[in-house]
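A.B. asks: Got a structure for you, questions after.
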Amino acid sequence: SRYAYVPSLPDGGYMIYLLHGDNEFEKRAALAALVGDADVVRRDGEALTLADMQEITIGQTLFTQSSVYVISKLSENSDIWSRLSELPFDDDKTVILLESKLDKRTKTYKWLQKTAKTQEFLPLSDRQKPQLISWCEVQARERGYRLTRTQIGTLIDRLGFDQLRLSNFLDQLALAENITNELINDLVPLARSENVFDLFVAALSKDYETVHSIISYLESESGVDGAYQTMGLLASQATNLVALVLSGGDNKTVAADLSVNPYVLQRLSSSARTVDIEHLRRINDALFQADLQMKTTGVNPWLLIETALVKL
């Protein structure tokens, strides 16, 4: 695994570990591998006082001469974080710091880079989707069932690349007697971005029944406030479409220029081939007018969105 090289706890002498990054699953796995069966004391770094921290680093315990402390979010406590390098540490103390995002410009981070054993756990990216699919296959088998690669792809598309979130959902699936596509669809409905993509494509295809169906679903799920987020996502899809049409369907160039997932552009390409410049003007005007009316009138914003999409 990616965390297998995390060293074991020291037999003697103080040690500081820094495990940081947004990949919560691998960070937790690394922590478990690091502490093993050790007696661990967990503390919330945000709630600590300087006196508390000094008790951790140099205080004596009644029952053991060696303590392992796991402290989360200490960087959120500026009073302690800024003075961490000044604190004395007992030879028998082990302190493991768990952090998400860190300001790598701070004096404390630079000190930890020199003093502590550090490891950053980064979230997986779109390019690592094949590895994530394989990881999910293994995780499912370890839980006693199998998923097809198509089913796993659906889970990733809807739940994202968060391994912890995926792991928790795989735990839920282990409770099901029969895992089907229908069950997955029921448990993990389309993400809003997926629904809006389908909504935009349906409008371009003049599939008004699907447009109405998706609008009704989104309105029931998110209420009035969700309409404004949906309009933002539609505007994003329209921008991608404009770029594809003006580039002559050059997915790679558009993906690089707009920092857009190539998979999204590939799905939009077939629609782009049926759109010309005049059509783009109508699309942009319809969405602009709907957005303006949503901000200046009391009309149901979902009705304004649906009307705009029919005009496409």
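A.B. asks: Under the classification rounded if a/c is under 1.5, otherwise prolate if a/b is larger than b/c and oblate if not, where does the range 228-283 fall, given a ≥ b ≥ c as square roots of the Cα gyration tensor eigenvalues?
C.D. replies: It is oblate, given that a/c is not under 1.5 and a/b is not larger than b/c.
A.B. asks: Give me the mean projected area, in nm² to one decimal, of the convex hull enclosing the Cα positions of the chain.
C.D. replies: One quarter of the hull surface, i.e. the mean projection, equals 21.5 nm².
A.B. asks: Rounded, prolate or oblate: which fits the range 180-312 when a ≥ b ≥ c are the square roots of the eigenvalues of the alpha-carbon gyration tensor, with rounded for a/c under 1.5 and prolate only if a/b beats b/c?
C.D. replies: The shape class here is oblate.
A.B. asks: Please give me, ordered by residue number, the trypsin sites (Lys or Arg not before Pro) of the range 187-293 that lie in loop per DSSP and have at most 16 other Cβ atoms within 10 Å.
C.D. replies: Of the trypsin sites (Lys or Arg not before Pro), the ones in loops of the range 187-293 whose Cβ has at most 16 other Cβ atoms within 10 Å are K206, R273.
A.B. asks: Among Y145, Y69, Y217, whose mean-square fluctuation peaks in a Gaussian network model of the chain (Cα, cutoff 10 Å)?
C.D. replies: Per the Cα network of the chain with a 10 Å cutoff, Y217 tops the list.
A.B. asks: Could you tell me what percent of the accessible area of the chain is made up of carbon and sulfur, with a 1.4 Å probe and every protein chain present?
C.D. replies: Carbon with sulfur: 49 percent of the solvent-accessible area.
A.B. asks: For the range 83-167, run through the trypsin sites (Lys or Arg not before Pro) and keep only the ones in DSSP coil with at most 16 other Cβ atoms within 10 Å of their Cβ.
C.D. replies: Qualifying residues, ordered by number: R83, K101, K104, R105, R143, R146.
A.B. asks: Follow-up question, since we're still on this one. Just list whichever of K73/K110; K252/K311; K110/K252; K129/K206 have alpha carbons separated by over 28 Å in the model shown.
C.D. replies: K252/K311; K110/K252; K129/K206
The values are calculated or read from the model by the stated rules, or taken from the named source; none is laboratory data. Since we're looking at a predicted model, the values are computed, not measured. All Cβ positions, even for glycine, are placed from backbone atoms using ideal geometry, and neighbour counts span all protein chains on display. Surface accessibility is based on the protein's heavy atoms, side chains included, excluding ligands, DNA and RNA. Shrake-Rupley method; radii C 1.70, N 1.55, O 1.52, S 1.80 Å.
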